[in-house]
Amino acid sequence: MTPPSLPRTMRAVVLDAPGPPEALVIRDLPVPAPEPGQVLIRVHAFGLNRSELHTRLGLASGVTFPRVLGIEATGVVAACPGGELAPGQQVVAMMGGMGRTFDGGYAEYTCVPVRQVVPFVSDLDWSVLGAVPEMLQTANGSLTVGLDAQPGQSILVRGGTSSVGMATTVLARLRGLRVLATTRNPAKVDALREIGVDHVLIDDGHVAAQVRAVLPEGVDCALELVGTPTLPDTLASVGVHGVVCFTGMLSNEWVVKDFYPIDYLPRGVRLTAYAGDATDLGPVVLQEFLDAVAAGTAVVPIDRVYAFDEIVEASRAMESGETRGKLVVTTT
């Protein structure tokens, strides 16, 4: 049963079946009733992710409809029957089936397993906080688990103006790395320079030569966010004993066909991958990043903030691929 102090209904964005942005419809639904081991979150903001685009296009597996989308949410604890978190505690939640196997963060309230919730304390605007969870988890995990990037090294961010790409640049600069990042659009060069990219490369599909014009031996590591079409060229950008981490698929192409490792992989270049969950973003990492943003030593790359009623417009903008950073929706 929904706690008596809470409203009985909420607004939520519902997808009845795969379709265009207009298939996202705002409806009144019952506020979820949390059980022990779950947390009911009053959502103040949520970020938009390519994962939700894949679901809307019918490309995601394990999804049943109708479904409230959203693999992340930011807000405060409304109820926690098990007592793990106190009501009013600021939290983020992400992944673990949100928006796919159960209703996610595109709503005024969302109910998630407690293991997927990370607490924090911050006076930053909800629009800023809402951009952080999945973006930070993916960027941080790619740099640490995927690449083991070290201070003083160089990194190529392939897909540099995506939200994860820009977050990776911010984190890499905080950790003392030299950053090369790509964009297909020359109009986005200044946006990359503003967040600390040392060398902006215009991606025409052949970046390796540009990288080696800057660093003849190649970069120490590279983050692949575009997908399998650009992966061979990204691999060619990395020096011997360097590492490429495959994290993103902005191209919506996942599979390497006819993979013959000796022919595909440059000699001495290592290929790894990263996919994370809420448990990969500890409270310390989240809090330290938010504190750095508040202190002005880090930035949250946000393209635009939308009102809840603008969800169709926001989804259309994400699908266009022309954004510069994260798209965020606020519910209040």
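The values are calculated or read from the model by the stated rules, or taken from the named source; none is laboratory data. A quick note: this is a predicted structure, and the numbers were derived from the prediction, not measured. We place every Cβ from the backbone using ideal geometry, glycine too, and count neighbours over all the protein chains shown. Note: areas computed on protein heavy atoms with side chains; ligands, DNA, RNA excluded. Shrake-Rupley method; radii C 1.70, N 1.55, O 1.52, S 1.80 Å.
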Between the modelled labels at Ala17 and Phe259 (7 Å from Cα along Cα→Cβ) the distance in nm is 3.5
Quarter of the surface of the C-alpha convex hull for the range 1-145, i.e. direction-averaged projected area in nm², equals 9.0
Once phi for every residue in the range 264-277 is put through the Karplus expression 6.51 cos²θ - 1.76 cosθ + 1.60 (θ = phi - 60°), the whole-Hz ³J(HN,Hα) values, with Gly and Pro written as x, are 7, 8, x, 4, x, 9, 9, 10, 10, 8, 9, 8, x, 9
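Could you work out the relative contact order of the range 105-217? I mean the mean sequence separation of Cα pairs under 8 Å and 6+ apart, divided by the number of residues, in percent.
Details: 117 pairs, mean separation 20.8, N = 113.
Across the range 105-217, relative contact order equals 18 percent.
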In the range 1-128 the accessible area split gives carbon plus sulfur, as whole percent at 1.4 Å, a share of 55
Of Val157, Val145, ordered by accessible area with the largest first and a 1.4 Å probe, the sequence is Val145, Val157
Over all pairs of different Cα atoms in the chain, the reciprocal of the mean inverse distance gives a Kirkwood radius in Å of 20.3
Quick calc: nm separation of the 7 Å Cα→Cβ label points for Ile26 and Val121 -> 3.4
Over all pairs of different Cα atoms in the range 74-179, the reciprocal of the mean inverse distance gives a Kirkwood radius in Å of 15.5
Ignoring ligands and nucleic acids, His206 exposes an accessible area, probe 1.4 Å, in Å² to the nearest 10, of 130
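Rolling a 1.4 Å sphere over the protein heavy atoms, what is the accessible area per residue of the chain, to the nearest Å²?
42
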By the Kirkwood definition, with r running over pairs of different Cα atoms, the range 235-332 has a hydrodynamic radius in Å of 17.4
Distance in Å, no decimals, from the C-alpha centre of the range 136-202 to the one of the range 1-79 is 31
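Test of understanding: what is the full-extension gain from Glu194 to Gln287, defined as 0.36 nm times their sequence separation minus their Cα-Cα distance? Present the calculation step by step, with values, prior to reporting the outcome.
Values: separation 93, 0.36 × 93 = 33.48 nm, distance 2.35 nm.
Extra length from Glu194 to Gln287 when fully extended: 31.1 nm.
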Expected field for Thr144, accessible surface area in Å² at 1.4 Å probe radius, rounded to 10, holds 60
In whole percent, the fraction of accessible protein surface over the range 175-332 that belongs to carbon or sulfur atoms, probe radius 1.4 Å, stands at 53
Mean-square fluctuation maximum in Gaussian network of the chain, Cα pairs under 10 Å, restricted to Leu235, Leu59, Leu290, hits Leu59
